[in-house]
Amino acid sequence: MPDLTQIRALIIDLDGVLWRGDTPLPGLQEFFGLLRRRHLPFLLASNNATTSPETVQAKLRRMGVEVAIPEILTSPEATATYLLERFARGARLYAIGEEPLRSALQHAGFDLQDRADAVEAVVAGLDRKVTWDQLTEATLAIRAGALFVGTNPDVTLPTERGLGPGIGALLAALEAATGTQPVIVGKPEPHMYIQSLEHLHTPPQSTLALGDRIETDILGGKRAGVLTALVLTGVTQRRDLERSAIQPDWVFEDLPELCRALEGQAD
């Protein structure tokens, strides 16, 4: 097992790690207090394409934790960065997604179009008011050769009544209509982690990805070559871990156990 003393920075998932819904998970304030005290830089990295760094910052503030906007990376910002590596500012895009995605793309300098004509890429994030007309425009653009990009692959979305369709379901519809697989920016693909490493200026072998899902957080971390830790306060439970081929470097019951491990290594 790797040594926790080599950790110089963390990439941290949100839901299931820091909170569940609107409820902070035990040890949240103590965890961030430890990171600040140990001068461990971190980046909060979320697949959620319907949230913004400002929303995440405000939510943590209500929970008694202060973080800066540059310490937060959501899939809309990661997607915009990915596209800037491939297209010039001003490139014409067709986007399906809610305000945080559209805002991130516009802030990056892209020209969002209402029709498929002559767009260079189709970008799809979760949109809970998506229409058949939007799917048609996206299909026409992809069939005409536009790059097909998805913010993240989550096929389901938790609701108060159970699991509803996530962006992965919408991507599957577009893939079926076009015969084209999307490029995924969010976890479990490595792009968000690679961007996080560039932001943190730390090598992968001394950076820890902390998450609650083996099939996204842990797999994405492994694909990026970073160390991984699973907390059992979210989606993945110990019984899931026992039958999974994906195994993290560490497993912790919750944030307090992680804090004790980090403190113990520091002694």
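One table, with the values for the structure above:
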| read-out | value |
| --- | --- |
| Relative contact order (%) - the chain, alpha-carbon pairs under 8 angstrom, separation at least six | 21 percent |
| Order of LYS222, LYS59, LYS187 under a 10 Å beta carbon neighbour criterion, fewest first | LYS59, LYS222, LYS187 |
| Distant-in-sequence amide H partners of ALA121 (H built 1.01 Å from N, under 5 Å) | TYR94, LEU147 |
| Helix 28-37 vs. the chain, principal-axis angle (Cα, 0 to 90°, nearest 10) | 80 degrees |
| Cα centroid of segment 238-267 to Cα centroid of segment 48-119, whole Å | 31 Å |
| Ordering of 226-233, 5-12 by packing [mean C-beta count within 10 Å, highest first] | 226-233, 5-12 |
| Within segment 1-93, GluC sites (Glu not before Pro) in DSSP loop having at most 14 other beta-carbon neighbours inside 10 Å | GLU66, GLU85 |
| The chain: calculated mean residue ellipticity at 222 nm from DSSP helix runs of at least 4, using -39500 (n - 2.57) | -10500 deg cm²/dmol |
| Cβ-based exposure ranking for SER52, SER75, SER206, in which fewest neighbours within 10 Å come first | SER206, SER52, SER75 |
| Ranked list, fewest to most other Cβ atoms within 10 Å of each Cβ, for VAL65, VAL56 | VAL65, VAL56 |
| Relative contact order for segment 81-184, counting Cα pairs under 8 Å that sit 6 or more residues apart, in percent | 23 percent |
| Nearest 10 degrees, 0 to 90: helix 75-84 Cα axis against the chain principal axis | 60 degrees |
| Cα centre as origin, Lys/Arg/Asp/Glu Cβ charges: the chain dipole, Debye | 80 debye |
| Contour minus Cα-Cα distance for GLU263 and GLU242 (0.36 nm per residue) | 4.8 nm |
| Scattering profile of the chain at q = 0.12, 0.13 Å⁻¹ [log10 I(q)/I(0), Debye over alpha-carbon scatterers] | -0.72, -0.84 |
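We did not get these values from a lab; they are worked out from the coordinates using the rules stated. These figures come from a predicted structure and were not determined experimentally. Heads up, the Cβs are rebuilt from the backbone with ideal geometry, glycines too, and the neighbour counts pull from every protein chain shown.
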